[in-house]
1. Could you identify the single residue in Ala146, Ala162, Ala116 that is surrounded by 14 or more Cβ atoms within 10 Å (Cβ to Cβ), touching a residue at least 60 places away in the same chain (Cβ under 8 Å) and either basic (Lys, Arg) or part of a helix (DSSP H, G or I) (or both)?
2. Checking Ala53 against (1) in contact with a Phe, Trp or Tyr (Cβ under 7 Å, 6 or more places away or on another chain); (2) modelled with pLDDT of 95 or more, only one condition comes out false. Which one?
3. Being over 30 Å from Lys268 (Cα atoms) and either out of contact with any Pro (no Cβ under 6 Å at 6 or more places or on another chain) or surrounded by 15 or more Cβ atoms within 10 Å (Cβ to Cβ) (or both): is that true of Gln138 here?
4. For residues that are in contact with a helix residue (DSSP H, G or I) (Cβ under 8 Å, 6 or more places away or on another chain) and not acidic (Asp, Glu), scanning just the range 81-106, find the one that is modelled with the lowest pLDDT.
5. Which residue, of Val70, Val66, is aliphatic (A, V, I, L, M), part of a strand (DSSP E or B) and more than 30 Å from Ile337 (Cβ to Cβ)?
6. Which residue, of Lys171, Lys155, is under 27 Å from the mean Cα position of the chain (by Cα), surrounded by fewer than 16 Cβ atoms within 10 Å (Cβ to Cβ) and modelled with pLDDT of 95 or more?
7. Go over the candidates Lys129, Lys171, Lys118 one by one and state the one that is basic (Lys, Arg) and either closer than 30 Å to Phe260 by Cβ or in contact with a Pro (Cβ under 8 Å, 6 or more places away or on another chain) (or both).
8. Filter the strands (runs of 3 or more DSSP E) completely within the range 253-358 down to those with at least 1 residues that are of a type in the set (Gly, Ala, Ser), assigned by TED's automatic domain parsing to the domain that holds Thr239 and in contact (Cβ under 8 Å) with a residue 24 or more places away in the chain.
Amino acid sequence: MKQFTNLLIIFAILLVCGKYSFGNPQHKQPPAPVATQKVIEMQFQEPVTFVGAVEPDQRSLVATEVAGLVADLLYEEGDFVKKGDVIAVLKQVSLQIQLHEAEAALKESEARLKYATKQTIRYDDLYKKSVVPIEELQQSQSERDAWAEKTIQYKAKIEKLAYDLEHMQIKAPFNGYIISKHTEIGEWRLKGAPVYELINLDSVHALVYVPEQLAVALNQNDPAKITLDAFPGMSIDGTVLAVIPQASLKARTLPVKVGFKNDGKKIKSGLLARVSFSSGNEAVSKLVPKDAIVMMNNQRFIYAVNNGVANPVPVKTGRAHGNLIEVFGPIELDMDIIIRGNERVRPGQAVMVQNNAH
């Protein structure tokens, strides 16, 4: 029984591999139509890569401009806020009472100033007619000036109280995400104390530390390539924003900021970033059209045509250059590779080249 089972297994393998078939040979699958192209070579400037982290271009520790008791916190960590949104509120009752008192005092002061001004005009007229002595006119003028000064003081106090009341509503300075909260409801915050930390992901940059020999050769707007471990297979074009002119005395490296687009805000702050710059050294690479790459079982490979048969060749991919991509593996320049029709081809299948693109 065991021998019979082994024979069945061998027979099944032969069937799968196409080594054994029943019936007329003319029922075999016809050659698959494909288009091919030669592998090409191109000179690249050898890149050098450094590891850094993604940082937002805008980051703010939003603080209180006035002292007060936290009455409400309107957002949590991770929430998105728009510029001008009220994100926290300080208790306002005490200041509102002070404002009402100051407004009442201002009305009284303005009334007294109005009366004192009329009295001064009256005493000035009487003095000119020699009815009152100069001392009474001067006393009237002093009282008018005193109420004028008090009126100015009350107006300034009202402006200060109104300013403080307005800033007891803490607002977002720009569109962004809350990444940390620095207080709780009921806590007293001094002037300048932080409430939230906010970042804007519309524009981001990678900060990397580059050896001084290469860093001094970099200039603003020089190109760079950014890859992120969080997004395998994605390569982003970036430009040098700044080479910060302060080297590390121990490592002899300079911080370099490389800016890049963050469409959809999917790239988050703090992600690991690999930034590649051109080193100036040239290297020869083999390239194939991107359409030649086939994925199967998480393995990249291309189909090479040899004697009318498609043979899979495992490869690893590197840098892209337009529609071409760098490949590494047992690749030769005179190798014919399938660039169209490869999605229907199976290993060892006969093919018919219909549009040879040598």
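1. Of Ala146, Ala162, Ala116, the one residue that is surrounded by 14 or more Cβ atoms within 10 Å (Cβ to Cβ), touching a residue at least 60 places away in the same chain (Cβ under 8 Å) and either basic (Lys, Arg) or part of a helix (DSSP H, G or I) (or both) is Ala162.
2. (1)
3. When the stated conditions are applied, Gln138 passes them.
4. Leu95
5. Val70
6. Only one candidate qualifies: Lys171.
7. Lys171
8. Output list reads 253-261, 272-289.
The values are calculated or read from the model by the stated rules, or taken from the named source; none is laboratory data. Keep in mind that this is a model prediction, so the values were computed, not measured. Counting neighbours? That spans all protein chains shown, and the Cβs are built from the backbone with ideal geometry, glycine included.
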